Each structure stands twice: as C-alpha cells, then as structure tokens.
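**Student:** Quick one: the structure is below, and I'll ask about it shortly.
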Number of protein chains: 2
Amino acid sequence: MTFVTEPVSVLTDEQLDTIHETAMRICEEIGLDVLHDGMRERLAAAGLTVDAERVRFDRGFVMEQVAKAPRTFDLRARNPERTVTVGGGTPLWLNVGGPPFASDVDGGRRSGTLDDHDRFIKLTQAAAPLNCVQTGAVEAQELDVAVRHMDMEYSTIRWSDLPYTTYGTSGPKARDGIAMAAIVHGGRDAIETSPALMGIVNSNSPLVWDFRMTDALVAWAEANQAIAVTPFLLSGATAPVSVSGGLAQQAAEALTGVAMAQLVRPGTPCVYGSFYTATDMRTGAPAFGTPESVLGLLAGGQISRRYGLPFRGGGGLASSNTVDAQAAAETTLMLTATMLAGADVVLHAAGWLEGGLTASFEKFALDVELLEQFGRQARGIGFTDEELAFDALKEVGPGGLYLASPHTMEHFKQWLYMSPLFTTPDFATWESMGSTDTRQRATERWKALLDSYEDPGIDDAVDEELRAYVEHRKQDPPEPED
Amino acid sequence: MTFVTEPVSVLTDEQLDTIHETAMRICEEIGLDVLHDGMRERLAAAGLTVDAERVRFDRGFVMEQVAKAPRTFDLRARNPERTVTVGGGTPLWLNVGGPPFASDVDGGRRSGTLDDHDRFIKLTQAAAPLNCVQTGAVEAQELDVAVRHMDMEYSTIRWSDLPYTTYGTSGPKARDGIAMAAIVHGGRDAIETSPALMGIVNSNSPLVWDFRMTDALVAWAEANQAIAVTPFLLSGATAPVSVSGGLAQQAAEALTGVAMAQLVRPGTPCVYGSFYTATDMRTGAPAFGTPESVLGLLAGGQISRRYGLPFRGGGGLASSNTVDAQAAAETTLMLTATMLAGADVVLHAAGWLEGGLTASFEKFALDVELLEQFGRQARGIGFTDEELAFDALKEVGPGGLYLASPHTMEHFKQWLYMSPLFTTPDFATWESMGSTDTRQRATERWKALLDSYEDPGIDDAVDEELRAYVEHRKQDPPEPED
C-alpha cells in the first residue's frame, strides 16, 4: 500500500538548512550524554571529544557515518514472499506495540496477557493492509518481566510469517531476539547477510543515549540488523515547546544514533525515526493529532529525505480513552499526516488507544478500516473506456438512473468500496437495530477478522529449536534491569 | 484559513485531457435536457441544436462562454471587513445547509424549526473558522414551505454580518433573495456592481437542467450574483459507478451551467461545483468519506483549475447517524480531501450528519474543532531564534526536563494547541468523571460557542424594510411548486 499523493513539503530549503545547522550545533556545542562505556570508548577512538559522559559529536564525523547507511534495504520475512524493501516505496505497516493494557468491549480494560498478544499477532497476520508485525503488541503482564520478551518474540514468529520488529529493550533482550531470528533463518550468517528483524532504539530525550538502548543498538548493529532510531519527543516535556526546536533536537538525536550504529558496523540498515508529539500541558499527557504533532511529523519526513534515510513516523495514534469521535479524528489526522509525510515504516498503525497505554481490539478494527480506505485511495482513478463510461452515459441518457443499469450492475462490486464497518442504514432502521455506534460494530469486525486468520504453520524443527532456546534461557534469565 | 499544503494532483495531464474530451463529447453527442423554455430559446438563438428539450452544446460555445467567467470575485458581506475574494486564496467555510431535521443530545432528533435555524446562524457567526453563512442551515419546517425561504433568509441576514449563500431553490425564491440583498446593500445597482450573495444551482443529474434550478440561475445571472454550479453526483445512482465517468459527467453539467449563466450575463461570477459521492449499494444512500468520494473530490479540484474557475467541493460530510467514530472518520477524511483539493468554497463544513438529513449541534462543535486544527496546521512552523530554541536546548541540556523550563512556561500557551473538545485525562480520572465520550462533551462546546455569540446588530431602517418586504410577499406568496 502506497499513498494517494507524493510526500508534501512544509519546509523551504532554507528552513531545512536551518534545522540541519541547528542540529549540528547541538551535536557539537551542547553534545549528548552517552551512558555506555564501550560506546564512549569507540567514539573517543574515532576522535570525538569525550568529557565524562558528555560526547561532542563533530559534524564531519556524524555526516560521514550517516552516509554509510543504505538508502533502502530488505527486511526478510520467514515467508520470502512477505519480505519488504524498506525505503523502496512500499511502507511497512505494523500493529500497536508497548501498551501494558488490553481492552475490548466484552472484557473491558485489563492488564495484557500472552493470549492477548497472540491474538493481536494473528489479527495483524490476517489484516490485509498490515504487512509487518510489531512484537510487544501488548505486554504479557502475567509473565516474569525478565523473560517474557522471549514469549512475545515467539508469539510473533510462530503466529505470523511477516517481517517483524523485535522486542529488545536492552542488550541482552536484543541478543535473545537475534538468536531466535538466527534459528528461524538458518543461522547468524544468514541473517547478517540480510536483516531478519528491526529493532527500535529510543533516545532518552533530551540528548541522552542511555545504557540499555545503546547496548541494544550495539547488539543489532553487530548483527547487521535493521535499526529504527527514534527520538521520543514530547514537545514541552522532553523537547522544546516549539516545533522547529524539537525538529533540530530530533535530528541531533537520530543522526548520532545512526552514526553510532555505523561506527559499530558500517552499512547497518538504519531508519530515521520520528515520534513527535505535542504535550497537553493541562495533564502532561501526549496529545496526538494536534496541529503541532501533524506539522512535526510532516517536517520529519522531509528532513529524513534530506539525509537519504528511510523514515519511520506517525501511525494510528490517539489520546482518547475510548473508541469515540475523538479517537477517530485523532487517528485519521495522524494517519493522513503519516501518508503526506511519506513514511516508510509505520509502527502503531492499528490498535493504539489511550496515548499508547491500551491495545484496543475495537480500535484495531477501526484502524484497519481506515488503512483499507487509504489503500483504495492510493489505487487512484481508472481510465479504461469502460470506466470513462461514455457508452453507459449515452445509454442511460439525460434523466436516467444508474442504480440498476447494466454498467452499474456489472462493476459496482469491484469499483465501489463498501465499508464493512461504516454503514448507512436509514435512521429508522438504525434505531430499530439498537442505535449501535461504531465501537460496538467494531467488536464484530475484529472477531470476524480473527476468525479469518489462517495459521501460516512453522517448520517443526525450527519450532522445537525456538522453544528449546526460550526454555534454556529461562533457566538463566538476564537481570530484570538489563 | 488556508491549507497546510498546496493542492495535490491525482490526474496526469493526459487524464485531464481525457476527462475534458469525454465531457465535450457528452455535451455534443449526448446533449443535456434543458427544461426551461426561455433558456432553450437563448441557446437556440446562440446557434445550438435544440431538439425538443434536448440541447447539443457545441464545445466551442461552451468554452467560449466559460472563458467569460472571472477567475476570482468578491462576495460582499454587510460588514465590509468580512467580504471575501472567492478564488483568491481564502476559502469560504460555511455551515451545513438543507437538512429537514435538527438534533442535539438534549432534545434528540426532530423536525427543524426557525429557532434551530437562528441558532445555527449564530453559531456560524461565532465560530472563528467559519467565514460565510449558508441560508437553510436547517429547514424551518413549522413554517409554510411557500414562504419560509424568506424567514430563513432574514435569519441569515439579521443574525450574522458574514457573506452568505441564498436559499433560492426556484426562480421566485431566488428573486426574493436578490430583493432582500438589495435592501441590505442600498439597492439593486449596488449589488449588481459586486455580488452580495451566492446561489447554489444543482443540475438534476444525469444531464438535466430542470425548470426551477435553471430559472434560479437566470435570476442570479441577471442580477450578476455569484453562482456555484454543482452537479449532484451519486456514483451508481445519478452518475456512472466509475470515478472517471462521473468526473466527465460532472464537467459536462458544470460547464454547461456556467455557460448558460454567461449567456444570460457575461462575466457573472461562477464557481465550478463538485458534490461527488459514492453510493452505498446496500442501502442506496450516499456514502461519504469513501475512497471514491475522496478521489472524486481531489480530481474535481484539479479539473476546476484547468478551467480557471474557483472550486466548490467537499465539506464536513458524514453518513453516520450519530456523532461517533464513523462520523469523525468520514468527516476528517472529507475535510482533509477538501483541503488537498484546494477548495475555494466549502459548504456544509460544520454540522452535517446522517448524510445531510440532520443538522447536528454536536457535530457542529466537532467540525469546528477540526477546522480550528486545520487552520493551525496551515500556519506552519515558526523559525524565529526563540522557536529554534538553541539557547533553551543548551540551558536544559541532556537529561533535563522542559515541562517547567522558562522557555516552555513563556511560550506554551501560544505555541501549543490545546483542544477544548479533545481531552487527555488519565483513565482513572476519566472514569471518575463519568467516562464521557466526545459526543457528550460536544454538547458543552456548542452551548459555550452559542453563549459567546455577539449580535452584530443591523441598521433599524434596513431591518424594517426587510421585515416589510417579507410581510408583503407573504400576502402574495409564490406557488409552492415554484
């Protein structure tokens, strides 16, 4: 699925230069704290000035390293037909990831479980507009935090055959994900040739690379796995309250992250990430869909293109606590901006509710509906003679009706999109059916989607080896804080 | 309010040519039925082939006439500061028009009244993103259909000082509107110099100009008032089920309408109108926001630019029966497409629900919220030194927090949009406040907006003359069917 139009430009060339210049001044004059001894040693050895934990990133170094990252790369799926070239014109669309809570109309909002995780993975596999899985769709909170990353990683690998992002929120967890991907693809050499997972690295904004994330970045770069380097900017909280200031900070954080990955292993596939959101200063919570969030996202895409890197940004992000008009408006605003920004990687495209605290099954159905419609938009307008319909116009003639005309009967099922979720019963019929709103109908939709899920299967030997790896590692788990 | 980006192109130049060529073939080879004797006589006198009611519109004639319409024109408001140059970069944003029903959370859905009409006019006057009023916001159903157009016209003129569209759905009603505008602006000569109202002409699609609409078009053109010529296309019902076929039909209908207005009075301000919607073949109802509706709208804007005419299209259109996620998604999709299409005139921008059968007060509040956000987007990103925030970044430094920083405190109220309707309480707080959804909060919003309304006043003599005109005409009403 691509977009109905080319990416838009909201910055002039001069403004792009200004963002770049400010980002470089941040790197050089302010510097970033790198809380990882090994990485600081590498950076010092590369000639950068290191003062305690503060590293001044020389712009020549940064841009030289960034230039080593590929403009496009393949992200392998275990089903080779599902492999996607990131940055190649087909965006990656992924489910929500990270929420501690799950919710649906029947069961309400509760702590997430592995069963919820399995169901979100199956829904993602079943949803036509989604072509990539995000591990950690919802936290399997009933399991030990030190080891549950492997249960969720297994859930992703077992129940889908799509490319995926790995859970790794630390070096040891990242290494578990790499080991499991190596099992799936026939060994570490195989995945080093072509990446089999994508890791998400968030800087600890503002301007800090903490130990755990840097350690994960090192692990992925050593294995040549893809890395989406994503500053986590809440305007007015973890970033300045102005959009241009936030964009400069974002560039400084993203580019230094990419540079560190390249320093570990030149050519590591990297994505320029944007998670740019305004803060609602009344509550301190992120406010998705607001004008500043939209502008930050649009500009982020434009900046990533300047640097020649694939762009991760946007998603079906919403602040609302329920699947109501606010949730739909916020989501539609963000997904539209995601398209207009020309995003290559779209995490949280389906299921995100309550500012990311809840993975909602009904929201998943709503988002998939919107993605389906955007995909239809992107197909554009057909211009065959049959579509131009001159003969039909002539046959029906002035004052005629197309409702039952042969042309309409022959083509409407193919040419007219009729939403399974958005319906148009007349008011009296709608009332007689119980005046259901979209949230209630969405319950039927996600259940139908889950019913349509087909298990892609998995090679028995691979499955056994994966399970054995997880069992073995559970005997000797990483420290919870790792 | 303008848009965050330039209008997009969804058609190639070759496809534009194909639409044009097909439209011209429709005009010449199929022709249109013109059910107005006087107009057919004018067209025959201009050299067109007339066969009973069927008129073959020669392409040379059509394009020669269309070229006489101005690219931009002023639409006068009785408050000269509110006059807008149509096609000049500032779109007209108007309230909903036409619904027989009104609804709000307190009173439910019921037949519209003049009191409802007054309140929608006041809300439009009070809503910052709206800069033009549509008469007939809701039908004042308690009044005699033969004369209530004047009560609604008076409601528009009395309670707002914005430019407006007139009610006229027939020649006599159009002439009443012209007479009332002449009273407001000091005589017919004054309004003939610069139009004081805009009429909406819908062709009776497919390819019919009926008597009433043509008669209204003649009345407005004779008075040099603005005319939005808007084919009413429901794909698969009043138009072919294919988008490109519908676009060709739309061009044929719109251009012949513009040509007829120019034939009556060269230079009459005309707008190229699009009301292009897919039909939900399950119900026969219009389905707003669908991919075909969006594509038809986007292409319509592009086609109007080819012809050098201002574009009327889009709006806050939704099919949903209630202010839920479907309504918000449909509306956001349509409003986004409205912007991307580069619309100059946006009818039904606020308050449209249930496929246009209901004028909803809560929907009005939702739509105004969205328009406010689009307006903020369009302001773009600021690049003052204070906004680039290098000094603030340096002061806060790596690992700092912006929440209480001087830079944030000084600027957040100006730079961060905080929605009065879309809120972000944490889940527990939200539950304790009754788990209200957007629809309920929207009730507070429209009531607050109505409370903020300020009566612009009206000159006593003008008011008296308007009332006298209406009273006089009620003694001798036009026939209901006129």
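Only the coordinates and a few stated rules stand behind these numbers; no lab work does. Computed from a prediction, not measured in an experiment: that's the story for all the values here. Methodologically, a virtual Cβ is constructed for each residue, glycine included, from the backbone with ideal geometry; neighbour enumeration extends over all protein chains shown.
**Student:** Translational diffusion coefficient of segment B:70-146 at 37 °C, 0.692 mPa s, Stokes-Einstein with Kirkwood Rh over Cα pairs, in µm²/s as a whole number.
**Tutor:** 236 µm²/s
**Student:** Antiparallel DSSP bridges in the protein assembly as shown: what percent, to the nearest 5?
**Tutor:** 40 percent
**Student:** Quick one: which residues, 5+ away or cross-chain, put their amide H under 5 Å from the amide H of residue B:232? H built at 1.01 Å from N.
**Tutor:** Correct list: B:203, B:205.
**Student:** Further question on the same structure: At residue B:378, label 7 Å along Cα→Cβ: distances to the other copies, nm, ascending?
**Tutor:** Distances between equivalent label points, in nm: 2.8.
**Student:** Charges at C-beta only: +1 for Lys and Arg, -1 for Asp and Glu. How large is the resulting dipole of the protein assembly as shown about its Cα centre, in Debye rounded to 20?
**Tutor:** 1040 debye
**Student:** Assuming a viscosity of 0.692 mPa s and a temperature of 37 °C, what translational diffusion coefficient in µm² per second does Stokes-Einstein assign to segment B:381-482, Rh being the Kirkwood radius over Cα pairs?
**Tutor:** Numbers: Rh = 20.2 Å.
It comes out at roughly 162 µm²/s.
**Student:** Enter the angle in degrees (range 0 to 90, nearest 10) between the Cα long axis of helix A:291-306 and the first principal axis of the Cα atoms of chain A, meaning the one along which they spread out most.
**Tutor:** Taking Cα atoms only, the helix is inclined about 60 degrees.
**Student:** Can you sort B:148, B:312 so the residue with the fewest Cβ neighbours within 10 Å comes first? List each step's numbers first, then the result.
**Tutor:** Numbers: B:148 22, B:312 31.
Arranged by neighbour count, lowest to highest, B:148, B:312 become B:148, B:312.
**Student:** Still on this model: How big is the C-alpha Rg of the protein assembly as shown next to the rule-of-thumb value 2.2 N^0.38 Å, as a ratio?
**Tutor:** So the Cα radius of gyration is 0.99 times the expected 2.2 N^0.38 Å.
**Student:** Please list, ordered by chain and number, the residues whose modelled amide H lies under 5 Å from the amide H of residue A:319; skip anything fewer than 5 residues away on the same chain.
**Tutor:** A:288, A:355
**Student:** In nm to one decimal, list the spacings between the residue B:406 label point and its equivalents in the other copies, with label points set 7 Å along Cα to Cβ, shortest first.
**Tutor:** Computed spacing set for this position: 8.0 nm.
**Student:** Roughly how tilted is helix A:114-126, in degrees to the nearest 10 and between 0 and 90, from the longest Cα axis of chain A?
**Tutor:** 60 degrees
**Student:** Using the alpha carbon gyration tensor of segment A:231-295, what are the three equivalent-ellipsoid semi-axes (square root of 5 times each eigenvalue), largest first, in whole Å?
**Tutor:** On the way: eigenvalues 148, 20, 17 Å².
Rounded to whole Å, the semi-axes are 27, 10, 9.
**Student:** Rounded to the nearest 500, what is the 222 nm mean residue ellipticity of chain A from helices alone, with -39500 (n - 2.57) per DSSP H run of 4+ residues and division by all residues? If you can, show how the numbers build up before the last one.
**Tutor:** Working: 18 runs with 218 residues, N = 482.
It comes out at -14000 deg cm²/dmol, rounded to the nearest 500.
**Student:** While we're on this one: Set the bar at 31 Å for Cα to Cα. Now go through A:173/B:413; B:68/B:363; B:413/B:447; A:447/A:474; A:447/B:447; B:122/B:173 and name every pair that lies beyond it.
**Tutor:** A:173/B:413; B:68/B:363; A:447/A:474; A:447/B:447
**Student:** For segment A:122-281, what's the relative contact order in percent, using C-alpha pairs closer than 8 Å and at least 6 residues apart? Spell out each step's value before the answer.
**Tutor:** Working: 284 pairs, mean separation 29.2, N = 160.
Rounded, it is 18 percent for segment A:122-281.
**Student:** Applying the Karplus parametrisation 6.51 cos²θ - 1.76 cosθ + 1.60 with θ = phi - 60° to the phi angles of segment B:70-76, what ³J(HN,Hα) value in whole Hz is obtained for each residue in order, glycine and proline being reported as x?
**Tutor:** x, 6, 9, 7, 8, 9, 6
**Student:** Dividing the alpha-carbon radius of gyration of segment A:230-363 by 2.2 N^0.38 Å (N being the number of residues), what value is obtained?
**Tutor:** Values: Rg = 14.7 Å, N = 134, 2.2 N^0.38 = 14.1 Å.
With N residues counted in segment A:230-363, Rg over 2.2 N^0.38 Å equals 1.04.
**Student:** Here's another thing I want to ask about it. Could you work out Rg/(2.2 N^0.38 Å) for segment B:8-138, with Rg from alpha carbons only? Display every interim value, and only then the final one.
**Tutor:** On the way: Rg = 21.2 Å, N = 131, 2.2 N^0.38 = 14.0 Å.
Normalised Rg, Cα atoms only: 1.51.
**Student:** Please work out the Kirkwood hydrodynamic radius for segment B:34-83, using every pair of different C-alpha atoms, and report it in angstroms with one decimal place.
**Tutor:** One decimal place: 13.3 Å for the Kirkwood radius.
**Student:** Moving on. Choose one of A:238, A:262, A:392: the residue whose Cα lies farthest towards the positive end of the charge dipole of the protein assembly as shown (beta-carbon charges +1 Lys, Arg; -1 Asp, Glu; about the Cα centre).
**Tutor:** A:262
**Student:** Show me, bin by bin at 5 Å from 0, the whole-percent P(r) of segment A:110-259 based on Cα pairs.
**Tutor:** Pairs per bin, as whole percents: 2, 10, 17, 18, 18, 16, 12, 6, 1, 0.
**Student:** Convert each backbone phi in segment B:169-179 into a coupling constant with the Karplus relation 6.51 cos²θ - 1.76 cosθ + 1.60 (shift: θ = phi - 60°), then list the ³J(HN,Hα) values in order as whole Hz, x for Gly and Pro.
**Tutor:** 9, 7, x, x, 5, 4, 5, 4, x, 5, 4
**Student:** I've got another one for you. Relative contact order for chain B: what percent, with Cα pairs under 8 Å and sequence separation of 6 or more?
**Tutor:** The normalised contact order for chain B reaches 19 percent.
**Student:** What residues have an amide H closer than 5 Å to that of residue B:313, excluding those fewer than 5 places away on the same chain, when H is modeled at 1.01 Å from N in the peptide plane?
**Tutor:** Placed amide hydrogens put B:274, B:344, B:345, B:347 under 5 Å from residue B:313.
**Student:** What's the long-distance tail for segment A:182-297, i.e. % of Cα pairs beyond 17 Å?
**Tutor:** Value for segment A:182-297 (Cα pairs over 17 Å): 56 percent.
**Student:** Still on this structure, please answer the following. Put the label 7 Å from Cα along Cα→Cβ for residue B:420; what are its distances to the other copies, in nanometres, shortest first?
**Tutor:** The projected label point of residue B:420 is separated from its counterparts by 4.1 nm.
**Student:** Using the Kirkwood radius over Cα pairs, work out the Stokes-Einstein diffusion coefficient for segment A:421-462 at 37 °C and 0.692 mPa s, in µm²/s as a whole number.
**Tutor:** Result for D is 253 µm²/s.
**Student:** Which whole number of Å³ per residue matches the convex hull of the alpha-carbon atoms in chain B? Before the final figure, lay out the partial values.
**Tutor:** Working: hull volume 81.0 nm³, N = 482.
It comes to 168 Å³ per residue, whole-number rounded.
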